[in-house]
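These notes concern the structure reproduced below.
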Amino acid sequence: MKRIYAVLIDILAFGYILGSIVFLLQQIFDFSLQLLPLILLSLILTLICLFLEDSLGLLIFGFSAGKKYWHSFSGWLITVMLILTFICGWIIVEINPLYFFEGINNTRGILQGLFSPNFQNLLPMLSALAETIYLALLATIFALPFAFAFSFLAARNLMPNTFWGNSIYIFIRTLATFFRSVEAIIWAIIFCVWVGIGPFAGMLALMIHSIASLTKLFSEQIENIDQGPVEAITGTGASTLQIWLYAVIPQIVSPFLAFTIYRWDINVRMATIVGFVGGGGIGLALQQEQQMLRWHNVGLIIWLIAITIWIMDMVSGKVRARLMEL
Amino acid sequence: MEFIKISNLHKTYPGGIKALKGIDLEVKQGEFLILLGLSGSGKSTLLRCLNRLIPSTQGSIIFQGKEVTTASQVNLRGIRRQIGMIYQQFNLVKNLSALTNVISGYLGYLSLSKSLYPLLDKELVNKAQKNLKRVGLEQMAEKKVRNLSGGQQQRVAIARTLMQDPQLILADEPVASLDPATADSVMRYLGELNRNDGITIICSLHFLSLARKYGSRVIALKDGNIVFSGSPSEIDPNRFREIYGEDAEEVDIV
């Protein structure tokens with residue numbers, strides 16, 4: 001089986017190398033190429049590799065040819081791949097150092113705004129900031145009971161090793177992974193349509209994302225508890241819920257609280273971004289001021305966000321350190 | 001009726017390791033039975049099969065006339081309530097107080113709603129205090145278990161077991177992570193429970209000296225079989241080598 005994977009990796013690697021070379025040539029000469037000859041060529045090269053018993057796939061699966069890196073064909077191939085990737089990347093990303101230095105004058109407005117923020121707007125901006133902090137806090141609080149309940153069902157060591165136990169475990173885990181991998185900003189766009197632009201949409205977006213990521217963090221914490229007390233309480237004839245109550249929950253309360261505070265910290269940061277697409281709070285204000293090129297107001301907002309995040313970071317770090325000692 | 005009757009007990013772990021290969025054993029009420037044997041000989045597995053913390057693969061265990069291996073969940077909890085267990089690593093919740101840990105031994109007798117605020121139940125707290133006093137830790141009730149020494153933690157575990165009013169205590173190498181002097185004091189508490197309360201004790205040990213001092217009978221396991229059964233004094237250097245292998249030599253503690 002490993003050899004089949006090795007061959008597949010070789011075909012992909014050669015396909016990538018040939019594709020990159022064709023891409024680079026296309027930048028210089030104007031021509032088009034069918035996919036089929038490329039695939040055929042990589043197949044032929046892979047076959048040659050099989051014959052040589054020295055290829056990338058074999059190297060990955062540990063069938064080393066026993067030669068030094070620079071002397072082996074596979075080592076040489078890796079080097080070529082890295083160089084090609086870098087050159088292609090440079091072209092695709094349209095890197096141009098000249099623009100970087102020439103365009104510096106355009107930022108004068110922003111920099112001026114940053115160093116002379118408009119304090120006349122302090123009050124409305126502070127209220128927008130409060131909106132952000134509160135919506136992040138409520139998103140965290142609403143997410144907590146859901147994540148708490150789900151995390152028990154998503155902990156390998158608590159779910160029985162039966163059909164239903166495994167099904168629930170896999171279902172919750174998959175759901176959490178899916179909801180977490182969709183960025184909060186996408187959820188915000190959905191909820192802006194659903195409940196209308198404003199902090200409520202932002203809160204819902206952050207809540208969904210928080211439930212998913214707290215479920216994962218919590219369930220991993222449960223999986224890492226000391227199993228000894230669970231065994232001991234089981235041995236006394238306690239029921240499953242009693243076992244959770246006495247052997248599991250006491251071990252997880254303080255790490256759970258620590259994670260929750262950390263999540264609030266993250267949610268305040270995310271709320272700023274979510275605000276950009278209509279999720280309310282200071283992010284929304286930032287987007288509006290930036291659209292109207294009022295750089296002095298933008299400067300004020302950026303300072304407010306930076307100070308808030310700095311304070312939250314410090315406070316939550318301290319609180320978490322204390323909680324871990326409990 | 002025998003107190004415990006184990007017949008033809010087998011345990012094969014997933015992955016094919018055969019931990020027990022047909023154990024036949026009878027235990028009388030009031031015995032202090034010592035299990036000897038190398039690590040991996042099946043002592044822990046045998047002890048955990050008795051209260052079905054580990055399900056056995058084949059065979060039967062009758063405890064006070066009830067079959068353990070096939071008992072329903074409800075009946076199993078009733079059986080487990082009668083059987084206390086103490087562990088090498090104490091298995092206490094380290095960030096709870098000694099008192100709460102002791103109370104948790106009584107959970108098998110409590111409904112879920114009653115187990116929510118046990119500290120409000122005066123009778124229960126008194127019972128826990130009394131058991132802590134029996135192991136000489138009445139001063140430590142409010143302390144977090146994490147702040148207690150190893151010997152004190154094992155005594156808290158004994159107090160937790162006493163909350164069950166057990167007929168039988170299983171002890172899985174209760175002194176293996178303690179220093180020799182503390183080990184002897186923990187064994188003394190077990191011996192006292194055996195003599196004064198008539199609690200049957202099955203205890204796995206590594207030290208022959210402790211087995212001779214406290215055991216009324218010794219069972220030796222090797223590769224999942226019983227290779228010796230008799231009184232502790234019958235174990236001479238030859239028997240010892242049969243149990244522990246040719247190169248073994250007895251070391252004395254205490």
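Pairs linking a residue in segment A:221-236 that is more than 10 Å from every other protein chain (Cβ to nearest Cβ) and closer than 22 Å to A:F150 by Cβ to a residue that is assigned to a helix (DSSP H, G or I) and among the β-branched types (V, I, T), with Cβ atoms under 8 Å and 6 or more positions apart or on different chains, are A:Q221/A:I252; A:I222/A:V248; A:I222/A:I252. Per the listing A:I83, A:I104, the residue uniquely modelled with pLDDT of 90 or more and more than 25 Å from the chain's Cα centre (by Cα) is A:I83. Within segment B:37-60, not a single residue is modelled with pLDDT of 95 or more, within 8 Å of chain A (Cβ to nearest Cβ), surrounded by 22 or more Cβ atoms within 10 Å (Cβ to Cβ) and not in a helix (DSSP H, G or I).
Going by the structure shown, is A:D30 surrounded by fewer than 15 Cβ atoms within 10 Å (Cβ to Cβ) and modelled with pLDDT under 85? Spelling it out, A:D30 is indeed surrounded by fewer than 15 Cβ atoms within 10 Å (Cβ to Cβ) and modelled with pLDDT under 85. Picking from residues in segment A:237-252 that are more than 7 Å from every other protein chain (Cβ to nearest Cβ) and without any contact (Cβ under 8 Å) to a residue 24 or more places away in the chain, the one that is surrounded by the fewest Cβ atoms within 10 Å (Cβ to Cβ) is A:T240. Looking only at residues in segment B:99-130 that are facing chain A (nearest Cβ under 7 Å) and buried (at least 17 other Cβ atoms within 10 Å of the Cβ), the one that is farthest from B:V186 (Cα to Cα) is B:S115. B:L96 satisfies every condition listed in (1) of a type in the set (A, V, I, L, M, F, W, C); (2) surrounded by fewer than 22 Cβ atoms within 10 Å (Cβ to Cβ); (3) under 17 Å from the mean Cα position of the chain (by Cα); (4) within 14 Å of chain A (Cβ to nearest Cβ) except (3). In segment A:178-195, what residues are among the charged types (D, E, K, R) and either in contact (Cβ under 8 Å) with a residue 60 or more places away in the chain or over 21 Å from A:K216 (Cβ atoms) (or both)? Residues satisfying the conditions do not exist here. A:G299 meets all of the listed conditions (1) in contact with an Asp or Glu (Cβ under 9 Å, 6 or more places away or on another chain); (2) of a type outside the set (D, E); (3) surrounded by 19 or more Cβ atoms within 10 Å (Cβ to Cβ) but one, namely (1). In segment A:306-321, the residues that are under 15 Å from A:I266 (Cβ atoms) form Cβ pairs under 9 Å with partners that are polar (S, T, N, Q), at six or more places apart or across chains, as follows: A:T308/A:T132; A:I309/A:T272.
The values are calculated or read from the model by the stated rules, or taken from the named source; none is laboratory data. Since the structure is predicted, the reported quantities are computational estimates derived from the model, not experimental observations. Every residue, glycine as well, gets a Cβ built from its backbone with ideal geometry; the counts of neighbours run over all protein chains shown.
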